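Before any comments, here is the structure.
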Amino acid sequence: MDIKEIEKELKKYPFPESVRRDIREELAKLDLNKKSLKKIIDRCYEEYLSNLMEPGEAAGIIAAQSIGEPGTQMTMRTFHYAGVAEINVTLGLPRLIEIMDVRKTPSTPIMTIRLQDDYSNDRKLAREVANRIEATYITDLADISVDITGMKIILFLDEKVMERKQVDKDELVKKLSKSLKVDVEEKDGKLYLSPKEPSYRKLLQTVEKMKDIVIKGIKEIRRVIIRKEEGEYVLYTEGSNLKKVMRVKGVDYRRTTTNNILEIAEVLGIEAARNAIIKEALDTLEEQGLNVDVRHIMLVADMMTNDGEVKQVGRHGVAGEKVSVLSRAAFEVTVNHLLEAAIRGDTDNLSGVTENVIVGQAIKLGTGDVELISKLGGRSK
Amino acid sequence: MKIKLQEHILVPKHEILSKEEAEKVLTVLNIKKHQLPKIRKEDPIAKEIGAKVGDVIKITRNSLTAKEAVVYRVVVE
């Protein structure tokens, strides 16, 4: 049967795109007349409706149970080595808790950086980009020694490392003299730094200060690893700074991500953060060999991002912002909530589940959710 | 190179609805504006598309289950 005909018929029903696609594919295989086509689609729609969530169903509790139970089977071990590259990644239960708690920085921030077309196939160019990102300190490039009698700091530059990290000597000199306010002199591969005022204390302070200067790269990125994946070079980093990395030359900012959800919310907005929560949580569960339906995770992510900013699931977020005093008191820090509510003279409308269980009423779920309103006095027009 | 955040793989499509469209959405859903999920005025994407407080933004997500899912957010302070 004609695809267009099928499509036309399908459009009359509010199917989600994925369901529509599946039906279309199946129908295209069959040779149908218009009448049976209509019948089949009608039947599909019936089936679709019967698979929808019932109004009043406790979606949140089902999601909580569905994520919680597999959670009991997760490893408690915090560290794990991901793949060949020796980057430490927090996985398993600690990572899942981290995602739900929305920590300011994850315990192992990691970025996945993809490169622009011309860079992604060339190892040398990929290395170049990596050098632009990885934070390089003076201790990586040179040995430091202090000449006390001459009031000088001597840097024995390692030419090989300098070349590999693509640090220009002139630039290094400039950077050092500018940020340390010292006179820099170069003599056969060594740099002599002399502070403007000759004091022993100043000299030692300068050395300490020098060690903290980021010569090249982005401060937060401690290490970069280049890996070949699906025919292109991908950079993995220890440490994360999405905003800066996205602006680095050679980086394809469209496909560059981090595992720091708050950072994504800040740089890419709330919807991106929602996607990141789903992806991170799902990856964590899948890595442990657990199959949790995405819908549960999507619900959690929706709740976490509903307000326009990412809030955690626990006491300082979703659970802590409930309207009901009794519900909050039943969760954590019971006394505080009750005390505060008593001081303020709060009322509890008993509209949720927990509070109704506490007072011993029928809960507002399923059939309990229905309220009847009847109009008195004749029929309305 | 100009960075367009909307092109990022994690960012779904955001569109500002006109007043009439927004009104229509609210009548179909049978809710008030403040009942919609929110998006901050300072949100990078809201800024990029130039949304103002009170605007309704239509977001077309790439859903893992429905392939395409349309949701709405209202811009707040």
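Just so you know, all these numbers are worked out from the coordinates, no wet-lab data involved. This structure is a prediction, so every number in the text was calculated from the model and none was measured. Cβ: placed from backbone, ideal geometry, glycine included. Neighbour counts: every protein chain shown.
Express the relative contact order of the range B:5-76 as a whole percentage, based on alpha carbon pairs under 8 Å and six or more residues apart in sequence.
Values: 105 pairs, mean separation 26.4, N = 72.
With pairs under 8 Å counted, the relative contact order is 37 percent.
Roughly how large, in nm² to one decimal, is the mean projection of the convex hull of the alpha-carbon atoms in the range A:41-146? Provide the component values of the computation, followed by the final result.
On the way: hull surface 59.2 nm².
Value for the range A:41-146: 14.8 nm².
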Neighbouring partner chain Cβ atoms per residue of A:8-19, average, 10 Å criterion: 2
I want to check the label-to-label distance for A:Asp147 and A:Ile343. Put each point 7 Å from Cα in the C-beta direction and report it in nm to one decimal. 6.7 nm
How high is the relative contact order of chain A? Use alpha-carbon pairs under 8 Å, at least six apart in sequence, and give a whole percent. 18 percent
For chain B, shape from the Cα gyration tensor axes a ≥ b ≥ c, cut at a/c of 1.5 then a/b versus b/c, turns out oblate
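So how much slack lies between A:Asp369 and A:Lys104, counting 0.36 nm per residue of separation and subtracting their Cα-Cα distance, in nm?
On the way: separation 265, 0.36 × 265 = 95.40 nm, distance 3.83 nm.
Residue separation times 0.36 nm, minus the Cα-Cα distance, leaves 91.6 nm.
Per residue of B:65-74, what is the mean number of Cβ atoms on other protein chains within 10 angstrom of that residue's Cβ?
Mean inter-chain Cβ contacts per residue within 10 Å come to 4.
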Only loop residues by DSSP count here, and only those with at most 10 other Cβ atoms within 10 Å; note down the trypsin sites (Lys or Arg not before Pro) in the range A:281-378 that meet that. A:Lys375
Chain A: C-alpha gyration tensor shape, a/c 1.5 cut-off, then a/b vs b/c: oblate
Convert each backbone phi in the range A:23-30 into a coupling constant with the Karplus relation 6.51 cos²θ - 1.76 cosθ + 1.60 (shift: θ = phi - 60°), then list the ³J(HN,Hα) values in order as whole Hz, x for Gly and Pro. 5, 4, 4, 5, 5, 5, 6, 8
How far is helix A:294-305 tilted, in degrees, relative to the longest principal axis of the Cα atoms in chain A, given as a value from 0 to 90 rounded to the nearest 10? 70 degrees
Within the range A:301-324, find all residues whose amide N lies under 18 Å from a label point positioned 7 Å from the Cα of B:Lys41 along Cα-to-beta-carbon. A:307-309
Peptide A:258-270, shielding by other chains (average Cβ, 10 Å cutoff): 4
Please list, by residue number, everything in the range A:142-158 whose backbone N is under 11 Å from a paramagnetic label point 7 Å out along Cα→Cβ of A:Tyr200. A:148-149
Gyration tensor (alpha-carbon) shape descriptor, the range A:278-381, a/c threshold 1.5: oblate
Which lysines does A:Lys34 reach when only Cα atoms under 26 Å apart count, and residues fewer than 8 places away in its own chain are ignored? A:Lys4, A:Lys8, A:Lys11, A:Lys12
Could you tell me the distance between the Cα centroids of the range A:14-40 and the range B:1-69, to the nearest Å? 31 Å
Say each of A:Glu163 and A:Arg43 gets a label point 7 Å from the Cα, pointing the same way as Cα to Cβ; how far apart are those two points in nm? 7.5 nm
Residue among B:Ala46, B:Ala66, B:Ala22 with the largest mean-square fluctuation in a Gaussian network model of chain B, springs linking Cα atoms under 10 Å: B:Ala66
How many percent of DSSP beta bridges within chain B run antiparallel, rounded to 5? 75 percent
Value of relative contact order over the range A:288-381, rounded to a whole percent, pairs C-alpha under 8 Å and six or more apart: 15 percent
Tally the DSSP beta bridges in the protein assembly as shown and give the antiparallel ones as a percent, rounded to 5. 95 percent
